[in-house]
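First comes the structure, then the notes that go with it.
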Amino acid sequence: MQDAVHPLITGILISLLGIAAYKSRALDGRGALLSAVLGIVVIHLGGIYTFLALLIFLVLGVLATRHRFEEKVRLGFSSRSEKTRGVGNVLGNGLAALLFLVVEAITRQDIFWAATFSAIATVNGDTLASELGKVYGKRPRLITNFKPVTPGTNGGVSLAGEVFALLGSLVIAPFALPLTSHRLPMVVAITLGGFIGVNLDSLIGATLENRGITDNNSTNFLASLLGGITGAGLFYLIA
């Protein structure tokens, strides 16, 4: 009976979170539904710590997006459509972590915990760097040639944005600690993997996205995938 109750309670709680995301207009209807399904799968494969890392990403992402939002719209750094996210955004930010979780569930290797949480660290760091960097970043420059660009330009980086990228990656790392005995290597791998993933996101944005080859969602997916692989590689080298 206890085994049957736990999944039921989990489903109810995640459904309520999905409803809250929809009611607060953080996600549209389909995005909220997909995020609830994704949350159930994540908690089944990765447990509560992985789910909490994604939840923190969602909460911080909403807060960062809405921070001085009207000012960002007025200055042309953001559009009103960015305030509510949809299916593409959910997949772009969550699919890579889910893929790494599936591999971890099969192999039971810590290296794939590093990959999973590095992917989450990448999207969290990228969201904070992008949304807060638009407000606090001074004189952003294009990552490929360091020429000055307008805040919000794909591939634009600033000192403030880099700081937020590092902090956004670091805040995800503690959620992986209960899952491994290699704690310091895990923290280093996730933080650096996420930080490098954020900058790879900028690089993809400045090249592929600016040429119309990728859009924001596919850029996020590629960056989180590469950030996860980077974190896994770092963990392998130092653990």
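The values are calculated or read from the model by the stated rules, or taken from the named source; none is laboratory data. What you see is a predicted model, and the numbers here were worked out from it, not measured in a lab. Cβ coordinates were reconstructed from backbone atoms using ideal geometry, including for glycine residues, and neighbour counts include every protein chain displayed. Please note that ligands, DNA and RNA were not included when accessible areas were found on the heavy atoms of the full protein model with its side chains. Shrake-Rupley method; radii C 1.70, N 1.55, O 1.52, S 1.80 Å.
For Arg211 paired with Ile12, estimate the spin-label separation in nm (one decimal), with each label point 7 Å from Cα along the Cα-to-Cβ line.
5.3 nm
Can you give the FRET efficiency for His44 and Ile238, using 1/(1 + (r/R0)^6), R0 = 25 Å, r = Cβ-Cβ distance, to the nearest 0.05? Please report the intermediate quantities before stating the final value.
Values: r = 30 Å, r/R0 = 1.20.
After rounding to 0.05, the efficiency reads 0.25.
Put +1 on the Cβ of every Lys and Arg and -1 on every Asp and Glu Cβ in the chain; which of Leu34, Val135, Val198 then has its Cα farthest towards the positive end of the dipole?
The Cα lying farthest towards the positive end belongs to Val135.
Once the piece of chain linking Lys138 and Arg108 is laid out straight, how much longer is it, given 0.36 nm per residue of separation minus the C-alpha distance between them?
Working: separation 30, 0.36 × 30 = 10.80 nm, distance 4.40 nm.
Full-extension gain reported as 6.4 nm.
For a paramagnetic label modelled at 7 Å from the Cα of Asn145 toward its Cβ, which residues of the stretch 188-219 fall within the zone defined by backbone nitrogen distances under 19 Å?
Only 202-213 fall inside the zone, counting backbone N under 19 Å.
Using the heavy atoms of the protein chains and a 1.4 angstrom probe, tell me the accessible area per residue for the stretch 116-206 in square angstrom.
I get 40 Å² per residue for the stretch 116-206.
Explain nothing, just the number: dipole magnitude of the chain about its Cα centre with +1 on each Lys and Arg Cβ and -1 on each Asp and Glu Cβ, in debye rounded to the nearest 20. Intermediate results must be reported in sequence, preceding the final value.
On the way: 18 positive and 13 negative charges, 153 e Å.
Dipole size: approximately 740 debye.
So if each residue of separation counts as 0.36 nm, and I subtract the Cα-Cα distance between Ala20 and Arg66, what length gain in nm does that give?
15.0 nm
Counting helices only, and only those DSSP H runs with n ≥ 4, report the 222 nm mean residue ellipticity of the chain as the sum of -39,500 (n - 2.57) divided by its residues, in deg cm²/dmol to the nearest 500.
Mean residue ellipticity, 222 nm, calculated: -25000 deg cm²/dmol.
With the full set of protein chains in place, find how many percent of the accessible area of the chain is carbon and sulfur; take the probe as 1.4 Å.
The C+S portion of the solvent-accessible surface of the chain is 67 percent.
By Kyte-Doolittle mean hydropathy of at least 0.0 and Cα axial length of at least 27 Å, which whole DSSP H helices of the chain are selected?
Span-like helices, by this rule, are 2-23, 29-66, 87-107, 110-136, 183-204, 216-238.
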